[in-house]
Amino acid sequence: MGRRALVLGGGGPVGIAWESGLISGLARAGVDLAQADFILGTSAGSFVGARLALGADAATLVDPILNEPPPAPRAQTDAKPAPPADLTVLMKLMAEAGAGTRDPQAVRVEIGDFAKAAQTPDEAAYIASFGRSFASLAEDAWPTRGYACTAVDVDTGAFVLWTADSGVGVTRAVASSCSVPGVYPPITLKGRRYMDGGMRSGTNADMAKGYERVVVIQVRTDASAGAAADAYARRFEAEIAVLRDAGAEVVVLAPDAACQAAMGINLMDFRKRADAARAGVAQGADAAADLRAFWA
């Protein structure tokens, strides 16, 4: 059994900012989660986890986000802005997959159909958006430290765990894990196309089975409620039970009230990134004392 694992859940650009802030706040207070023997990321968490596995300093992980220039004000124009992507179908299908009333993999095939039909940027443009963090890497580069990220095959609905043994590059693997259906394009790897690993689960924490101590960072807000939120909670609890039944001690970190207020409801809203990052740093500093002995 391995010693320590770090699981990073999905949560859009705002989730990336909060997770980065939380990890930096913890590191500055003496708890370096980057020292995990295994880092597992889903969607936003795949990006944050890859940066850590590639050697980014946990204490300064948040700095690029805090140093981002503020979003430019929208120009005054008579043209109507493009409407946001209609994700109603996606939300409905994700709720059905989580509820367990239908075969989840079959539902993911329908989500894949939605992803393939959606009007999104092309693959090249989307992958280029990761350039600042991964531009210097070879196409087939993969972290030398234990790292994995998740994705789903758009044609079969099958869940995939990208690892060092998968024979793919980390840039495209992370892009596939972050490919929200209807917002970003499915990503081609080894002749097949893949979408966001969050279509199976927001954390996929059960994939960290076999480690003695696991920190799970879960991006969630109190904005959602009802059957879909209940199904998500049940799924998450089942994943944590898998870890604990295998002998792991588990600590779950989620946004506190101040972080939720800073993050807002829309986790795709880039304007919230700096506030979410700062709130994450503060939460990490506060949480370090309780986590230090566990992680030591």
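Some observations on this one:
- Averaging the sequence gap over all C-alpha pairs within less than 8 Å and six or more residues apart, then dividing by the number of residues, gives the chain a relative contact order of 31 percent.
- Sparse-neighbourhood loop sites, GluC sites (Glu not before Pro) in segment 97-185 - DSSP loop, at most 10 other Cβ within 10 angstrom: Glu139
- Neighbour count of at most 11 Cβ within 10 Å plus DSSP loop: longest trypsin sites (Lys or Arg not before Pro)-free window in the chain: 75-189
- Charging the Cβ of each Asp and Glu at -1 and of each Lys and Arg at +1, and nothing else, the dipole of the chain about its Cα centre rounds to 180 debye.
- Percent accessible area from carbon and sulfur atoms, the chain, protein chains only, probe 1.4 Å: 54 percent
- 1.4 Å probe accessible area per residue over the chain, in Å²: 46 Å²
- Rg and Dmax [Cα atoms of the chain; Å; Rg one decimal, Dmax integer]: 18.2, 62
- Residue-count net charge about Glu96 - beta-carbon cut-off 12 Å; Lys, Arg +1, Asp, Glu -1: +1
- Segment 224-296 and segment 1-68 have Cα centres separated by 12 Å.
- Cα gyration tensor shape for segment 161-296, rounded if a/c is under 1.5, else prolate or oblate: oblate
- Only alpha carbons enter this Debye calculation for segment 140-195, each as an equal point scatterer, and the log10 of I(q)/I(0) it gives at q = 0.22, 0.28, 0.31 Å⁻¹ is -0.76, -1.17, -1.36.
- Expressed to the nearest 5 percent, the antiparallel share of DSSP beta bridges inside the chain is 35 percent.
- Label point distance in nm, Ala138-Arg292, each placed 7 Å from Cα along Cα→Cβ: 4.2 nm
The values are calculated or read from the model by the stated rules, or taken from the named source; none is laboratory data. The structure displayed is predicted, hence computed values, not measured ones. Ideal geometry is used to build each Cβ from the backbone, glycine not excepted, and the neighbour counts take in all protein chains shown. Heads up: the accessible areas ignore ligands, DNA and RNA and are worked out on the full protein's heavy atoms, side chains in. Shrake-Rupley method; radii C 1.70, N 1.55, O 1.52, S 1.80 Å.
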